[in-house]
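Notes follow the structure.
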Amino acid sequence: MIMRIVFVFFLFISCVNDPNVIQDFALMEELPIESIKDAELIQTQQGVVKLRILAASMNRYSDFSYPLCLSDIIVTFYNNKQKSSVLIARNASIDETKKIMTASGNVVLENKKNKLETEELIWDERSQKIYTTKKVKITNQEETIFGEGFSSNADFTEYTISKIHGDLDISF
């Protein structure tokens, strides 16, 4: 009986929390609360699909200061139930508070007429604008345009390019 009491006593005094270990644990990188493979996100407006995101993986964090992180994404934009443009990228992060998605790594934006290639593209859901300050290359059947800076509507039907250079086909 005395042996049990001594054992329990030593058990309790041996359980000590080292403040350095606790601090190191608290400072560890925040881990996702949700990890999904082969994710699909669909955004609708009044029952009509406006946006569809496919991602090889998605990580969501409990703290909204961390963005929603996606890899190997395909974003399809819809206009009047028709596919209007497609954005493909290696990575993306979505700031759910600001409603901004930043796509990076071999980014391609394409519609029926044009194809844009860049390293980073930002989609602002509130303004429905897609833009970048990075170098861009736009190709279509008539020409290839290079520039640095780009802005467009989500359909990629109306766009502007900054600092244009390259071969242009101008018809009068």
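The residue that is modelled with the lowest pLDDT, among those in segment 153-172 that are within 21 Å of Ser127 (Cβ to Cβ), surrounded by 14 or more Cβ atoms within 10 Å (Cβ to Cβ) and of a type in the set (Val, Ile, Thr), is Thr157.
Does segment 134-152 include one or more residues that are in contact with a Ser or Thr (Cβ under 8 Å, 6 or more places away or on another chain), open to solvent by 30 Å² or more (accessible area, probe 1.4 Å) and within 30 Å of Pro32 (Cα to Cα)? Yes, segment 134-152 contains a residue that is in contact with a Ser or Thr (Cβ under 8 Å, 6 or more places away or on another chain), open to solvent by 30 Å² or more (accessible area, probe 1.4 Å) and within 30 Å of Pro32 (Cα to Cα). For segment 51-97, a residue qualifies if it is open to solvent by less than 20 Å² (accessible area, probe 1.4 Å) and among the hydroxyl-bearing types (Ser, Thr, Tyr), and the qualifying residues are Thr76, Ser85.
Of all residues in segment 121-131 being part of a strand (DSSP E or B) and without any contact (Cβ under 8 Å) to a residue 24 or more places away in the chain, which is least open to solvent (accessible area, probe 1.4 Å)? Here the answer is Ile122.
The values are calculated or read from the model by the stated rules, or taken from the named source; none is laboratory data. Note that the coordinates shown come from a computational prediction; the quantities given were computed from them, not determined experimentally. Glycine gets a Cβ as well: all are built from the backbone with ideal geometry, and neighbour counts include every protein chain shown. Areas reflect the complete protein model, heavy atoms only, side chains present, ligands, DNA and RNA absent. Shrake-Rupley method; radii C 1.70, N 1.55, O 1.52, S 1.80 Å.
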